[in-house]
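In what follows, a single structure is set out as structure tokens and then discussed.
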Amino acid sequence: MTIDKGAPAKAPLNIHEYLAEFDDIPGTRVYTAARARKGYHINQFAMSLMKAENRARFKADERAYLDEWKISEEAKQALLARDYNALLDMGGNVYFLSKLFSSDGLPFAEAVSTMTDMTWPEYRQMMLDGGRSPEGNRSIKENLAAAAARAQETGKDN
Amino acid sequence: MTIDKGAPAKAPLNIHEYLAEFDDIPGTRVYTAARARKGYHINQFAMSLMKAENRARFKADERAYLDEWKISEEAKQALLARDYNALLDMGGNVYFLSKLFSSDGLPFAEAVSTMTDMTWPEYRQMMLDGGRSPEGNRSIKENLAAAAARAQETGKDN
Amino acid sequence: MARITAGVGSSHVPLLGVAVDQGKSNDDYFGPIFAGYEWTRQWEKEQKPDVIILVYNDHASAFDMKIVPTFAIGCGESYKPADEGWGPRQVPDVEGHPDLAWHIAQSLILDEFDMTIINEMDVDHGLTVPLSMMFGQPEAWPAKIIPLAVNVVTYPVPSGNRCWALGEAIKRAVESFPEDLNVQIWGTGGMSHQLQGKRAGLLNREWDNKFLDMLIGDTDAARWIPHIEYLRETGSEGIEMVMWLIMRGALGEKTRLLHRHYHIPCSNTAIGHIVLEPVEEETVPA
Amino acid sequence: MARITAGVGSSHVPLLGVAVDQGKSNDDYFGPIFAGYEWTRQWEKEQKPDVIILVYNDHASAFDMKIVPTFAIGCGESYKPADEGWGPRQVPDVEGHPDLAWHIAQSLILDEFDMTIINEMDVDHGLTVPLSMMFGQPEAWPAKIIPLAVNVVTYPVPSGNRCWALGEAIKRAVESFPEDLNVQIWGTGGMSHQLQGKRAGLLNREWDNKFLDMLIGDTDAARWIPHIEYLRETGSEGIEMVMWLIMRGALGEKTRLLHRHYHIPCSNTAIGHIVLEPVEEETVPA
Ligand SMILES: [Fe+3]
Ligand SMILES: [Fe+3]
């Protein structure tokens, strides 16, 4: 927790350093330019569902509607399967994709739970119990270092 | 000519002072927020002529096409009459209105000449001769002061 | 002269809109959340703000990937609720205040903020949910609204420092508007939440509350929090909190706490809510 | 590393596009104008820039009054010529350079410029006419283009200082792009012209040439010219010259003149054209 360190970080960060840090966050895809470019048409497709007439056409024949878009076959399969983690990997963003699960009538939390390794009731209970802890969820590197330290500790103990 | 005065004007200008100066320029309507708001639908109408199908509909029945827009009767008359000075007074902007005279097949310079007190051949000749001089065209206040000074001078002479 | 009389921070979770619209705001789940807004509802009735500068983010509703403005200010006459996939919310249209909005937009550009001016757009839950939380279900919203949409979707989003500085410039702009108007500024979004991936559901009560602490008094520490810290500590969508810094920046050097509320959870999100007023130093007129 | 190797300033009068498209560029009227671009056409053939950051203004073509971005950067794959009322110009599509464009956009936002990112738009004469002047009538444009659209229509337009600072930030951004690219930056629009009202047709040879002088060498006086001076001295559309300051700012502290051309009139407008290269001081690596 660095929130109360005083020194203002006024020097402009280099964009490469800025972006590199994002890859260190466990279980998270930050919606960078690279992802925005990759998922462009997936996200534009999702936004098209903000119009009732498009939702109706999509629901009538999902595959036919998807075929109108410049989307890879892989992405179409993920969209048909509502595989949101796969869609995140392909550059989808949840604010865009929410138009798809809202069209499905799925509440936000239930849709989000499908991206975790929990069932919806388990996820719901975790949230009621205070949510997922940031402990152990801040940094991949830190987690690896901690794991290595523990392994060494265990090695010593043996 | 203030171009070579050195002092950087770094202090943020107050928006009221900034805008007030614009009213001092002879024969010129600067496209401020006030004008942009007033002429909103005139300008949006003009931009609609960027589509060939809209141009065709407009040319087939100008009045009927104009009646689809939230524009005052006065503005409709000015548009039908291609009275560009009147349209500037009503918040029109030339970059928008150019879509109208381009639809008419009128060259930019000829269309612009209709806003001056010259005929198109006179305007064209003025441009070939080096254009309109900035002398006497910079400031309404300066012009008035100069006229007053001249009047006083003339009075003395009598 | 117009003046900013108060700042309000609030989460804008879509489910809160659903709760209001479906009359569930007193049930076991929502009751404790809405209870924390009761104070503010009464206070708003007394305050009767003329205009609210409502800082929010568009959640891929008005702006698709064709155009992504960093700071967009609504100068239009009115705005309709967006259809976010389940039909538009049945709430009143949002009435703008073009006179003040254009004045602020012009002042900000002169002040070297690279604003995008918006005259027509629909507004999504980011804007309408805070209105419901603060005003309930009136026939018409009791104040004019100036929407200020911030990109917090596509990275980089604006820095905390830039957001705070925008707030400071908004304060200057409002104070140079000649009409006597009671203006509030609201910062919305957050608090901790992550809506994606295996880490979804992350909440951070401790960090969120330190953030709330930092909005009170004369510290400006919050403007220097780097984006990566929001992401690590508060989840990927916790970055929405940078919008609260615009509100805080617009309150001047020092603030006083009027009301504070925090509740976990609402859907995927930690609900935070704060009401602040500016503490003006006595200044000698220049 | 990518680097900005040169800056080009040029008017972008629509009639010049007509002259090229209709094969009139050698007649009595246009001949002297195009003659002044001959040097540059040869030079561009030798320079072979990979990418051109093309600063221009949209003349109410891609952006209507619904949305008015102050600074918009095109990050798309390609752009089609706009239909400005007489059908689109029959020139090649403009190919973008999304890798560098996104890199610049991201860097600028991190550097606290409030950019609007554009992925799809049509480009008008402001962008395509300079391409025709510099490259003639090729099958395909010989460089990738990053469109940078500046609002110079609705007031306030960005200050000269802000434009110059944006140029400085673009230089930093380009130099942090790892790929080895020869990048030019063009500033277009102007010079003196007024397209409206009784004062239409105003031209100011003396002022325009002082402005050109100020782009050469190590002075930064031009960044401080107030808008009102452009309006009074160079006509209401002379304000387009603020876009040349973005180009100049991106060339660093000092420039060397490679080519210069001035001609009156073209349609309503004074034609100005300049080619500059940055003069790098020997610096000790940090
Ligand atoms: Fe949100
Ligand atoms: Fe132009």
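The values are calculated or read from the model by the stated rules, or taken from the named source; none is laboratory data. Small disclaimer: the values here were computed from a predicted structure and weren't measured. Backbone-built Cβ (ideal geometry, glycine too); neighbour counts: all protein chains shown. Heads up: the accessible areas ignore ligands, DNA and RNA and are worked out on the full protein's heavy atoms, side chains in. Shrake-Rupley method; radii C 1.70, N 1.55, O 1.52, S 1.80 Å.
Between this copy and the others, label points of C:P32 are 8.3 nm apart in ascending order, each placed 7 angstrom from Cα in the Cβ direction. Placing +1 on the Cβ of every Lys and Arg and -1 on the Cβ of every Asp and Glu, with nothing else charged, gives chain D a dipole about its Cα centre of roughly 720 debye.
Over the protein assembly as shown, what per residue volume does the convex hull of the Cα atoms give, in whole Å³?
On the way: hull volume 183.1 nm³, N = 888.
In the protein assembly as shown, the Cα convex hull volume per residue is 206 Å³.
In this assembly of identical copies, the label point of A:P26 (Cα plus 7 Å along Cα-to-Cβ) is separated from its counterparts by 7.6 nm, sorted shortest first.
If Lys and Arg each add +1 and Asp and Glu each add -1, what is the summed charge of the other residues whose beta carbon sits under 9 Å from the beta carbon of C:P142? Walk me through the numbers on the way to the answer.
On the way: positive: C:K45, C:K48; negative: C:E44.
Overall, the nearby charge balance is +1.
Over segment D:20-136, what number does the Rg to Rh ratio reach, with both radii from the alpha-carbon atoms and Rh per Kirkwood?
Reported Rg/Rh (Cα atoms, Kirkwood Rh): 1.01.
Chain C residue nearest the rotation axis toward D, with distance: C:D114, 2 (Cβ to axis, whole Å).
GNM remark for chain C: springs join alpha carbons under 10 Å apart, and the peak mean-square fluctuation among C:I225, C:I53, C:I271 falls on C:I225. In plain terms, if you count all Cα to Cα distances in segment C:130-253 and split them into 10 Å steps from zero, the share in each step is 12, 39, 34, 14, 2, 0 percent. Shown for segment D:227-251: residues covered by the partner protein chains by 40 Å² or more of accessible area relative to the chain by itself (probe radius 1.4 Å), namely D:I228, D:E229, D:L231, D:R232, D:E233. Using equal-weight Cα scatterers in the Debye expression, the normalised intensity of segment A:46-158 in log10 at q = 0.10, 0.13, 0.20, 0.22 Å⁻¹ is -0.46, -0.66, -1.09, -1.21.
Listed peptides D:25-33, C:173-181 appear in the order C:173-181, D:25-33 once ranked by packing, highest mean of other Cβ atoms within 10 Å at the front. Over the Cα atoms of segment D:110-157, the radius of gyration divided by the Kirkwood radius equals 1.04; this is the Rg/Rh ratio.
Shown here: chain D, whose C-alpha atoms stretch 54, 42, 39 Å along the first, second and third principal axes, sorted largest to smallest.
Considering only B:A46, D:I117, C:G238, and ranking their Cα positions along the charge dipole of the protein assembly as shown that arises from unit charges at the beta-carbon of Lys, Arg, Asp and Glu, the one farthest toward the positive end is B:A46. At q = 0.14, 0.16, 0.23, 0.31 Å⁻¹, work out log10 I(q)/I(0) for segment D:1-57 with the Debye formula, treating every Cα as an identical point scatterer and leaving solvent out; two decimals please. Result of the Debye calculation: -0.50, -0.63, -1.08, -1.29.
Taking the Cα centre of segment D:53-106 as origin, work out the dipole magnitude from +1 charges on Lys and Arg Cβ and -1 charges on Asp and Glu Cβ, in debye rounded to 20. Please report the intermediate quantities before stating the final value.
On the way: 3 positive and 8 negative charges, 25 e Å.
The dipole of segment D:53-106 has a size of about 120 debye.
Using alpha-carbon pairs under 8 Å, 6+ residues apart, how would you state the relative contact order of chain D in percent? Mind showing how you got there, number by number?
On the way: 643 pairs, mean separation 86.5, N = 286.
With pairs under 8 Å counted, the relative contact order is 30 percent.
Other chains near B:30-40: what is the mean number of their Cβ atoms within 10 Å of each residue's Cβ?
Working: counts 8, 7, 5, 12, 4, 2, 9, 8, 0, 1, 7.
For this peptide, the per-residue mean of nearby foreign Cβ atoms is 6.
Taking only protein heavy atoms and a 1.4 Å probe, what accessible area per residue, in Å², does segment D:73-151 have with all protein chains in place? Before the final figure, lay out the partial values.
Numbers: 2190 Å² over 79 residues.
I get 28 Å² per residue for segment D:73-151.
Our coupling estimate for segment D:223-233, obtained by passing each phi through the Karplus curve with A = 6.51, B = -1.76, C = 1.60 and θ = phi - 60°, is 5, 9, 5, x, 3, 4, 5, 4, 5, 5, 8 Hz, Gly and Pro reported as x.
Per-residue packing, averaged as other Cβ atoms within 10 Å, sorts the ranges C:263-270, D:261-268 into the order C:263-270, D:261-268, beginning with the highest. Only protein heavy atoms count here; on that basis, with a 1.4 Å probe, A:E110 has an accessible area of about 60 Å². Once A binds C, the 1.4 Å probe can no longer reach about 4800 Å² of accessible area, counting both sides. The aspartates and glutamates within cross-link reach of D:K198, meaning a Cα-to-Cα straight distance under 16 Å and a gap of 8 or more places when in the same chain, are B:D23, B:D24, B:D83, B:D89, B:E110, B:D117, B:E122, B:E135, D:E233, D:E237. Between copies, the label points at A:R57 (set 7 angstrom from Cα along Cα-to-Cβ) are spaced 1.9 nm, reported in nanometres from shortest to longest. Other protein chain C-beta atoms within 10 Å of residue C-beta, averaged over A:89-99: 5. The Cα atoms of segment D:125-185 cover 39, 33, 12 Å along the three principal axes, with the biggest extent listed first. Structure note, pairs A:K70/D:K80; C:K45/C:K254; B:K38/B:K76; B:K59/B:K99: Cα-Cα distances above 22 angstrom occur for C:K45/C:K254.
In this simple spin-label approximation, C:A140 and B:E142 carry label points 7 Å from Cα along the Cα→Cβ vector, and these lie 4.9 nm apart.
For segment D:191-286, dividing the convex hull volume of the Cα atoms by the residue count gives 89 Å³ per residue. The spacing between segment C:1-62 and segment B:116-145, judged by their C-alpha centroids, is 57 Å. The alpha-carbon atoms of segment C:174-242 define a convex hull whose volume equals 117 cubic angstrom per residue.
Take each residue in D:126-139, count the other chain C-beta atoms within 10 Å of its C-beta, and the mean is 0. Based on the alpha-carbon gyration tensor of segment B:15-84 and its eigenvalue square roots a ≥ b ≥ c, which shape applies: rounded if a/c is under 1.5, prolate if not and a/b is larger than b/c, or oblate? Note, shape of segment B:15-84 comes out prolate. Taking amide hydrogens as placed 1.01 Å from N in the peptide plane, the amide H of D:H259 sits under 5 Å from those of D:V275, each at least 5 positions away in sequence or on another chain. A Cβ-based charge dipole, computed about the Cα centre of segment C:109-214 with Lys and Arg at +1 and Asp and Glu at -1, lands at about 580 debye.
Here the alpha carbons of segment C:82-183 define both size measures, Rg and Dmax, at 15.1, 42 Å.
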